[in-house]
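Below you'll find the structure, written out as structure tokens, and then a few comments.
The values are calculated or read from the model by the stated rules, or taken from the named source; none is laboratory data. None of the values given here were measured: they were computed from a predicted structure. Neighbour counts are summed over all protein chains in view; Cβ atoms, including those assigned to glycine, are modelled from backbone coordinates with ideal geometry. The protein model used for the area step is the full one, side chains on, heavy atoms only, and it has no ligands, DNA or RNA in it. Shrake-Rupley method; radii C 1.70, N 1.55, O 1.52, S 1.80 Å.
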Amino acid sequence: MLSETERQAIDAEIPHYARKQAVCIEALKVVQRHRGWVSDEALHDVAGHLEMTVDELDAVATFYNLIFREPVGRHIILICDSVSCWLMGYGALRERLSERLGVEMGQTTADGRFTLLPIVCLGACDHAPAIMVDEDLHRDVAPDHLDAILERYE
Amino acid sequence: MPGETPLTGRIRPDRPPLDAVGYEQAGGYQALRKALGSLTPAEVTQQVRSSTLRGRGGAGFATGQKWSFVPMGEDAPRPRYLVVNADEMEPGTFKDRLLLEGDPHQMVEGAIIAAYAVQASVAYIFLRWAYRVAARRLEKAIAEAYERGYLGRNILGSGYDLDMHLHVSAGRYMCGEETGLLNALEGKRANPRSKPPYPQTSGLWGKPTVVNNVETLCCVPHIVNNGADWFKGLSRTPNGGTKLYGASGRVRRPGLWELPMGTPIRELLEEHAGGMREGYRFRGLLPGGASTDFLGEQHLDVAMDFDTVQKVGSRMGTGTMIILDDRSCPVGMTRNLTHFFAQESCGWCTPCWGGLRWCEQMLSEMEEGRGREEYLDRLAAHAGMLGPGHTYCALAPGAMEPLQSALTLFREDFERHIRERRCPWRSP
């Protein structure tokens, strides 16, 4: 069941578009904002609400990089693996992150605190390498900075 | 006059952007008043056409001409849409972020004028999720524009109505492609559409739609205020205006600079980016994002504009250069670029989803010392098979630009990887 808050947030978007199916991406983001990820059940509920088939909506959900169809940790670390960051030390950063968290790309730490994911160019190329933790962009990140950055996310 | 910086003049990196009142005090929304008060939509389009403004998203299509393809008049289809492409996911590109975060009202004003020119009734800003600061500032700017009568019903008493909505994407490179973007706005996978019909006649929900890049739209208020000849005069070449140029990689001062269109690459690299960092030598560069051909030392005196860079076999693209230094492996860099394109391919066309993965595979094997002699020819063959004309959109052809130019420019490095069965840049 979609919560009242979720339904209101989704419905508020509908008048902005010519067809209500157009808000489905926003709707998935709304659900994710409240629950962290999009479960099969949530997908089913959103599809019903927007008069789409579950398959139609799942085709959309699985297409976009930032819709999570599996549970994720409390905080998401997005590490830019595109060319400018690659040139400026992405490799060492990734290695240190994996080592420090004990997970590979795409995995969640055993305590459920962090999920580590690759992301395409964050548009911070003049301050590469860059990572995002939740909604915060961190620039010019050296492996030695990671402890201080991660400390802020409990 | 060269030396002017109309697009970035109001931006102070250490301060939040101007709000609506501050923007008005700095001359903002004057162009909108002028357009709505004294110019017909056709006159606005004509002025932009005369200015020689070309799309700053990378393709360089003439903006005024694009607008002129929208059917107008009593019998023309309605509603019409204006879409701002603020997806900026081209690797190595970070110019629109500055404009969105630094002066959101400038973009909003440009979008309203563009929408007026094609008589659109709804405008969407398609923004990538990762630009969180830009999202907050745009939301605020849109709300202020409504409050002050620049959006909504009967704008400034002109009888013209326009609504503007911010759409925050869930992330995928394909959304930057204009027809993929339209599918994403409709709540679908961002697969490209077959062209023709072009979006100007059949776009969002089948209605006439213009899609313009952020930097392009930011030029519009200045053209309306100061005229087409002024805009042309900003440039050092026949491609009018200023350009936001940037550099990333091992240069002394990576960054962004608004300079006359046609500023030579060497000047960008040496004067503005400060040359290479101590201990690094220049090997090559991608002039404007991941999907442009590598240029080398011999191209440094080329003027950075659409026509001139094209003449030497690459594209200006977004104008934000990525510099390859001598301590980074050209094969590794090409592998990284190809990985990006293979991952972001939407899978709609066979050459793209199959071919890019194969290219990535060969490059990975090469870098890991398992490359075979025949890979060089096979990669070169892909550059043809995935080139223009074989796919719905420009993703695969764009991916082939750095690949085929790397095979030429860094031939010896590729051969060395195969011959020595290792990457010379990796410690043994």
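Let me know the charge dipole size of the stretch B:157-307 about its Cα centre in debye, to the nearest 20, where only the beta-carbon of Lys, Arg (+1) and Asp, Glu (-1) is charged.
Dipole magnitude for the stretch B:157-307 comes out near 520 debye.
Tell me which lysines have Cα within less than 21 Å of B:Lys207's Cα, excluding those fewer than 8 residues away on the same chain?
A:Lys20, B:Lys66, B:Lys188, B:Lys195
Taking a ≥ b ≥ c as the square roots of the eigenvalues of the Cα gyration tensor of the stretch A:50-132, is the shape rounded (a/c under 1.5), prolate (a/b larger than b/c) or oblate?
oblate
So the label point goes 7 Å from the Cα of B:Ala59 along Cα→C-beta, right? Which residues of the stretch B:91-105 then have their backbone N under 17 Å from it?
Once the point is set 7 Å along Cα→Cβ of B:Ala59, nothing inside the stretch B:91-105 turns out to lie under 17 Å by backbone N.
With a 1.4 Å probe and all protein chains left in place, how much accessible area per residue does chain B have, in Å²?
Counting only protein heavy atoms, the per-residue value for chain B is 36 Å².
Counting DSSP beta bridges with both partners in chain A, what percentage is antiparallel, nearest 5?
Percentage antiparallel, nearest 5: 55.
Pick out, from A:Gly102, B:Thr263, A:Ala61, the residue whose Cα sits farthest towards the positive end of the charge dipole of the protein assembly as shown, with +1 on the Cβ of Lys and Arg and -1 on the Cβ of Asp and Glu.
B:Thr263
If I stretch the segment between B:Glu271 and B:Ser427 completely, what's the gain in nm (0.36 nm per residue apart, minus their alpha carbon distance), one decimal?
Residue separation times 0.36 nm, minus the Cα-Cα distance, leaves 52.8 nm.
Where Lys and Arg each count +1 and Asp and Glu each count -1, what net charge lies around A:Leu66 among other residues with Cβ under 14 Å from its Cβ?
Taking every other residue near A:Leu66 into account, the sum is 0.
B:Thr5 to B:Ala143: FRET efficiency via 1/(1 + (r/R0)^6), r the Cβ-Cβ distance, R0 22 Å, to the nearest 0.05?
Once the sixth-power term is evaluated, E becomes 0.20.
Summarise the partner chain shielding of B:315-324 as one whole number: the mean count of Cβ atoms from other chains within 10 Å of each residue's Cβ.
2
If you take the square roots of the eigenvalues of the alpha-carbon gyration tensor of the protein assembly as shown and sort them as a ≥ b ≥ c, do you get rounded (a/c under 1.5), prolate (a/b over b/c) or oblate?
Oblate, because a/c is 1.5 or more while a/b does not exceed b/c.
Indicate, rounded to the nearest 5 percent, the antiparallel portion of the DSSP beta bridges found entirely in chain B.
For chain B, the DSSP antiparallel bridge percentage is about 40.
Pop a pseudo-label 7 angstrom from the Cα along the beta-carbon direction at both A:His145 and A:Arg100 and give the gap in nm to one decimal.
1.1
Pick out which of B:Glu186, B:Glu90, B:Glu258 has the largest mean-square fluctuation in a Gaussian network model of chain B, springs linking Cα atoms closer than 10 Å.
B:Glu186
First check a/c for the stretch B:1-59, with a ≥ b ≥ c the square roots of the eigenvalues of its C-alpha gyration tensor; if it is under 1.5, answer rounded, and if not, answer prolate when a/b is larger than b/c or oblate otherwise.
Note, shape of the stretch B:1-59 comes out oblate.
Taking the simple approach of a point 7 Å from Cα along Cα-to-Cβ for both B:Trp358 and B:Asp14, what is their distance in nm?
5.6
For peptide B:90-97, what's the mean number of Cβ atoms from other chains within 10 Å of each residue's Cβ?
Average neighbour count from other chains, rounded to a whole number: 6.
How much length is gained if the chain between B:His390 and B:Asp229 is pulled fully straight, taking 0.36 nm per residue apart and subtracting their Cα-Cα distance, in nm to one decimal?
Roughly 54.0 nm would be gained on extension.
Please report the carbon-and-sulfur percent of the accessible area for the protein assembly as shown; probe 1.4 Å, protein heavy atoms only, DNA, RNA and ligands left out.
48
Could you work out the helix-only [θ] at 222 nm for the protein assembly as shown, with each DSSP H run of four or more residues adding -39,500 (n - 2.57) and the total divided by the number of residues, to the nearest 500 deg cm²/dmol?
Value at 222 nm, helices only: -12000 deg cm²/dmol.
Taking the Cα centroid of the stretch B:48-68 and of the stretch B:80-145, what is the distance between the two, rounded to the nearest whole Å?
17
If each of B:Arg419 and B:Ala380 carries a label point 7 Å out from its Cα toward its Cβ, how far apart are those two points in nm?
Here the answer is 1.6 nm between the modelled labels.
Dipole size in debye (nearest 20) for the protein assembly as shown around its Cα centre, Lys and Arg Cβ +1, Asp and Glu Cβ -1?
860
So for the protein assembly as shown: antiparallel DSSP bridges make up what percent, rounded to the nearest 5?
In the protein assembly as shown, DSSP labels about 45 percent of beta bridges as antiparallel.
By residue number, which cysteines of chain A lack any other Cys whose Cβ falls under 4.7 Å from their Cβ?
A:Cys24, A:Cys121, A:Cys125
With unit charges on the beta carbons (Lys and Arg positive, Asp and Glu negative) and the dipole taken about the Cα centre of the protein assembly as shown, which residue among B:Ile125, B:Leu36, A:Met1 sits farthest to the positive side?
B:Leu36
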